[in-house]
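The values are calculated or read from the model by the stated rules, or taken from the named source; none is laboratory data. All values derive from a computational prediction rather than experimental measurement. In this analysis, Cβ positions are derived from the backbone assuming ideal geometry, glycine residues included, and neighbour counts consider all displayed protein chains.
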Amino acid sequence: MPINITFRTQLLGGVSEFCQQSNLTLISNTLHLVELIVLLARYKEEGVSLCPKVYLTNGMDTLSSMLPEGERIKIGITSQDAKGIKLAIKKCAPLANGGWLIYIQDGVNNIEYGLFKGSGNPISVLVDDVLMGENDGIIVVKVFQVAEDCVEIKANNGLQHYVFLNHRKEESPPPLQFLDKLVSEITSITPEQEREPLISFLTRLLFETLRQSHGCIIAVTNMNKPPKFLSHDGVILEHPIDFVNLITELKKGQISSSCLESKGSLLQGMLNSDGIILFDNKGRLLGYNCFVKVSHKNDINGGARKRAFDALKNKVGSGLCAVFMQSQDGWSEFRSVENGQ
Amino acid sequence: MDNNIMLWQPESGELIPKGAKTPALISEYAAQLSAKDKKQIVAAFESGHFEIGLTYLWGKTITALKKELSTVGVGLLGEMLGKTDVDEDDNVEDVLTTKDSIRLAEELGIVSSTDAMRLRHTHELVTHFSQMDINDSELEEIDETEAISSLKACIKSVLGRPRVEVAKNFVEFREALEGETLTKSDPRVDMLISSPYFFHKLTVSVLMNGAKKQVGANLEHVLANINVLIPAIWTNLRDTEKWQIGHGYAEAYADGKTTTVGGLKSALLKVKGFDYVPENLRSDTFVKAAEAIIFAHDGFNNFYNESAPVLNLSKLGSSIPTPALPACITALLCVVLGNRYGVAMSAIGEATNILSALSGDRWNYYINNVLPSDMRILNKLYDHKPFSNWVNVVKKYNFTGLQIKNKSVSLLLKASTNNDHNKAISAQKKLIDEFYGK
């Protein structure tokens, strides 16, 4: 009789400590979390891949009130078991886009599920920055497919794991792990009053876009002018898109939020174009569709993007202060002057 | 900062000697007036042109007072007035009405309550005579005694002082809240807890203003102090101040201020105060509309200018969001109560319509949570005409039928129902004393 070998046993053991320490009744049975992780790792409805963000909590009322101008729609109540969790995801996942998130509230004998969202204001604080910190007894566990076959589980008590359901090595860096560093470089010398809203805006925008992108390279310069090795073959905007100015004007009520969002849409379009996108560290988008000369001497395994990234890595410290690359499968690489990574 | 919780006290003392009785002698003590200004004022007074002299003097006095007030920070003054969109770059002249300036000067201890009363009187005198139509102004004029007593009041309380010497202790207090982190065991925290309500209100304003404007280390101090002080005084806070904190959180959240949101969230969780976070910032529009009414009410030609902002507020809809309720009711009551010269006939109808649409619950909220610290309305009750209009309001909306928590408020309403001005004044004085702790 053949013996089946599955990830299941390994996964049960891997997340049991997380479940215990999170103190959420719903996942006190480790199997519930495992079912959810496996469900989200390659979730599809009607053949379409979906990657909803799921928040398990014991205090949805308070969490909702922490998100002014947010919304909450209750979809239903179901049993407090794996079957109930599956039903909640099935009903909610197709709706969880455009900023909508799934919540599953732990009840006494059942779970309530539905959708919620933060403010529609593009510079408002990120939902995770509000919900995923210490909340005085309110437990929040976030489960989310970061890339195909990789699910992030995170609790607001600080516990966090990336669960790989493929053959990646344990020490593999998680996908999009460098996004924060990239945003930090783009905003590094912006005025302090505008930095946090700009970080929220860019993080939200880049995260959503990069999730769906076929891959991209973003370079950040600390020079006053775009470096020649990029500007000679690329589209350099005559008037850079100055996100700091846009945010200042939005806060003063001189422009509407749609004006900032429309500039964000341009960036999304650029991310879906070929070539390198160029920012400076003052929060300005300088150009896109840029190409760099690639040396064919280096022995590099990979396609054109990987070669371009390697060429740009050598420019960090001489014209660039950081460079970020995301591959087609969602995994990213990063190099900056500061950390030399 | 010393350990006395009465952090700032009005400067008193005899600036003008009793022997100085003529305009020339009195104006000698106006340190903030140039020789040319003094000469012009004295000339106007001596030739019997009291109205011209007094109007000129009043302009100089208010400009100097606003300039002195601006030294504590225009942003903070805006917060103390409950104005949400004021920052340090705004011109103090645009932010403060004359009445606001006198009230804030009194609250901050820049002038004593007696001097504030004299300044108010001078303001009303100047306003009254400047608003007269041609026929009346031919018949009426300011007499010499009134003019000289106003001249004295202006010089004694404002123009007689050297510039920018005011509110030193207050500025120190503000700096402490923004420049150091207080611990729970700090004696200043204990003293704040047992201090009069005015200090609680002011502390909330300073902290929320700091959370909005400060960055870096100062912001860290402010947020740490919010987490120490707000839980310590939360149970004593009235709804107006609780909503102010909740509004600060909502505003910081919408503006993407991650650090501020983190600090305020932590404090609100400690006091279970998320009920006071507005669901949206729609209330801002109502608060601004209410501010426009107050601005018109306190300004020149108020009887003509009040109707447009009242109509604007009315157009916003009948459902006033709870966070904006205090500002809106205060503004509308200002219109309905009027001042010692009467009411704005063009505005009172619409204002009454809006007030009449308020439910018993909302009046209950105002009377119990707002009125005890609504200095603007309480101060109006001194004068006979506004008091008489107040009596009508109390009867019309049956305030005595509400469940009143505060004893002095209850006495005030009872006296008002009986149309007993003396008893009402006595209750009103008690409320003011409770608020300022005097």
Being outside any loop (DSSP other than H, G, I, E, B) and hydrophobic (A, V, I, L, M, F, W, C) is the filter here, so list the residues in region B:83-131 that pass it. B:Val92, B:Val95, B:Ile102, B:Leu104, B:Ala105, B:Ala116, B:Met117, B:Leu119, B:Leu125, B:Val126, B:Phe129
Residue match in region B:234-254 (condition: at the interface with chain A (Cβ under 7 Å from one of its Cβ atoms), within 21 Å of A:Lys117 (Cα to Cα), more than 21 Å from the chain's Cα centre (by Cα) and part of a loop (DSSP other than H, G, I, E, B)): no
Those residues of region B:382-438 which are more than 20 Å from the chain's Cα centre (by Cα), part of a helix (DSSP H, G or I) and within 23 Å of B:Leu202 (Cβ to Cβ) amount to B:Ser408
Taking helices (runs of 4 or more DSSP H) that do not extend beyond region B:280-380, which have at least 2 residues that are of a type in the set (Val, Ile, Thr) and crowded, with 18+ Cβ neighbours inside 10 Å? B:283-298, B:325-337, B:345-356
Of everything in region B:156-182, what is outside any helix (DSSP H, G or I) and either within 19 Å of B:Thr235 (Cα to Cα) or at pLDDT below 80 (or both)? Give them in sequence order. B:Arg161, B:Pro162, B:Arg163, B:Val164, B:Glu165, B:Val166, B:Ala167
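Could you say which residue among B:Asp190, B:Asp186, B:Asp275 is over 22 Å from B:Val74 (Cα atoms), acidic (Asp, Glu), under 27 Å from the mean Cα position of the chain (by Cα) and away from every other protein chain (no Cβ under 14 Å)?
Of the residues listed, the single one that is over 22 Å from B:Val74 (Cα atoms), acidic (Asp, Glu), under 27 Å from the mean Cα position of the chain (by Cα) and away from every other protein chain (no Cβ under 14 Å) is B:Asp190.
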Run A:Tyr55 past the list (1) closer than 27 Å to B:Lys272 by Cα; (2) surrounded by fewer than 16 Cβ atoms within 10 Å (Cβ to Cβ); (3) away from every other protein chain (no Cβ under 14 Å) and report the number of the one that doesn't hold. (2)
Pick from A:Ile123, A:Ile85, A:Ile73: which is more than 23 Å from the chain's Cα centre (by Cα) and surrounded by 21 or more Cβ atoms within 10 Å (Cβ to Cβ)? A:Ile85
Can you tell me which residue among B:Lys60, B:Lys36, B:Lys83, B:Lys99 is under 21 Å from B:Asn379 (Cα atoms), surrounded by fewer than 23 Cβ atoms within 10 Å (Cβ to Cβ), at pLDDT 85 or above and outside the structural domain of B:Val343 (by TED's automatic domain parsing)? B:Lys99
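Conditions tested, residue by residue: (1) within 14 Å of another protein chain (Cβ to nearest Cβ); (2) in contact with a helix residue (DSSP H, G or I) (Cβ under 6 Å, 6 or more places away or on another chain).
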{"site": "A:Ser79", "(1), (2)": "no, no"}
{"site": "A:Ala93", "(1), (2)": "no, no"}
{"site": "A:Glu134", "(1), (2)": "yes, no"}
{"site": "A:Lys142", "(1), (2)": "no, no"}
{"site": "A:Val163", "(1), (2)": "no, yes"}
Does B:Phe387 qualify as being over 30 Å from B:Gly317 (Cβ atoms) and in contact with a Leu (Cβ under 6 Å, 6 or more places away or on another chain)? yes
Residue count, region B:256-270 (criterion: surrounded by fewer than 24 Cβ atoms within 10 Å (Cβ to Cβ) and either at the interface with another protein chain (Cβ under 8 Å from one of its Cβ atoms) or modelled with pLDDT under 95 (or both)): 6
